[in-house]
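A short worksheet on the structure shown next.
The values are calculated or read from the model by the stated rules, or taken from the named source; none is laboratory data. Please read all numbers here as calculations on a predicted model, not as lab measurements. Neighbour counts are summed over all protein chains in view; Cβ atoms, including those assigned to glycine, are modelled from backbone coordinates with ideal geometry.
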Amino acid sequence: MIFGRSERGKPPVEPVTLKILVAGGFGVGKTTLVGAVSEIRPLRTEEFLTEAGRPVDDTTGVEGKHTTTVAMDFGRITLREDLVLYLFGTPGQERFWFMWDELSEGALGAVVLADTRRLEDCFAAVDYFERRAIPFVVGVNCFEGAPRYPVQDVRRALDLDDDVPVLLTDARDRESVKDVLVGVVQHAMRVGAERRHTVAT
């Protein structure tokens, strides 16, 4: 299939484009996730970690990390001929959180990536999307050597509402990430339908 074209004899399909945020703590795999599924070369705004930033960049558990996102990651994936997702990876460190409001403008929903070795690092992202009523799913990035916990244990640890999906994923694997993105779209559509129903009644 050539993007923008439909079957022979049918007019081209104008795809619906949706904006999805990818958030979470420092070093949780946001840049990796965007890069794993993007059908274009991802836009990355990474800089090397420096000694000056060591007091504020906690690399405990991610000692091998040498770069950090300072603005955003951007990628694109076509899920269907008529559905395209634009992915915006948010910066993980607290000093860059001022950018989240701008990045979240017009977003359909979000993925909050979590690392079971440092679950507390995604509390801020969960709180952010809850406060702004932006639908989100939690994607537990299954790092090698990281402890594996039942989904319900992760849900309790993060104090999530029962309707927030918690999905296991591998941020390096395209198909695994696609499943999470489909989960975000489906969850956001359910939430939107419920809100419309509430308003109507």
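Yes or no, residue by residue, for (1) without any contact (Cβ under 8 Å) to a residue 12 or more places away in the chain; (2) of a type in the set (Gly, Ala, Ser):
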| site | (1), (2) |
| --- | --- |
| 89 | no, yes |
| 143 | no, no |
| 156 | yes, no |
| 179 | no, no |
| 183 | no, yes |
| 186 | yes, no |
| 191 | no, no |
| 196 | yes, no |
| 200 | yes, yes |
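Just a yes or no: is a residue in the range 129-146 assigned to a helix (DSSP H, G or I) and farther than 23 Å from residue 108 by Cβ? If you could, list the steps in order and put the result at the bottom.
Just the residues of the range 129-146 that are assigned to a helix (DSSP H, G or I), to begin with: 129-131.
This time we only want the ones that are farther than 23 Å from residue 108 by Cβ, so: none.
Scanning the range 129-146, I find no residue that is assigned to a helix (DSSP H, G or I) and farther than 23 Å from residue 108 by Cβ, so the answer is no.
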Subject >> Residue check, residue 191 more than 14 Å from the chain's Cα centre (by Cα) and crowded, with 16+ Cβ neighbours inside 10 Å >> reply: yes
Original post:
Within the range 81-88, is even one residue modelled with pLDDT of 90 or more, of a type in the set (A, V, I, L, M), outside any strand (DSSP E or B) and closer than 24 Å to residue 129 by Cα?
Top reply: no
Original post:
Within the bounds of the range 104-125, is there any residue that is surrounded by fewer than 12 Cβ atoms within 10 Å (Cβ to Cβ), within 16 Å of the chain's Cα centre (by Cα) and farther than 21 Å from residue 35 by Cα?
Top reply: yes
Subject >> Residue count, the range 134-148 (criterion: surrounded by fewer than 24 Cβ atoms within 10 Å (Cβ to Cβ), closer than 20 Å to residue 186 by Cβ and touching a Cys at 6+ places or on another chain (Cβ under 8 Å)) >> reply: 0
Original post:
Are there any pairs with C-beta distances below 8 angstrom linking a residue in the range 23-40 that is under 18 Å from residue 119 (Cα atoms) to a residue that is basic (Lys, Arg) and surrounded by 24 or more Cβ atoms within 10 Å (Cβ to Cβ), with the two at least 6 apart or on different chains, and if so which?
Top reply: 23/30; 24/30
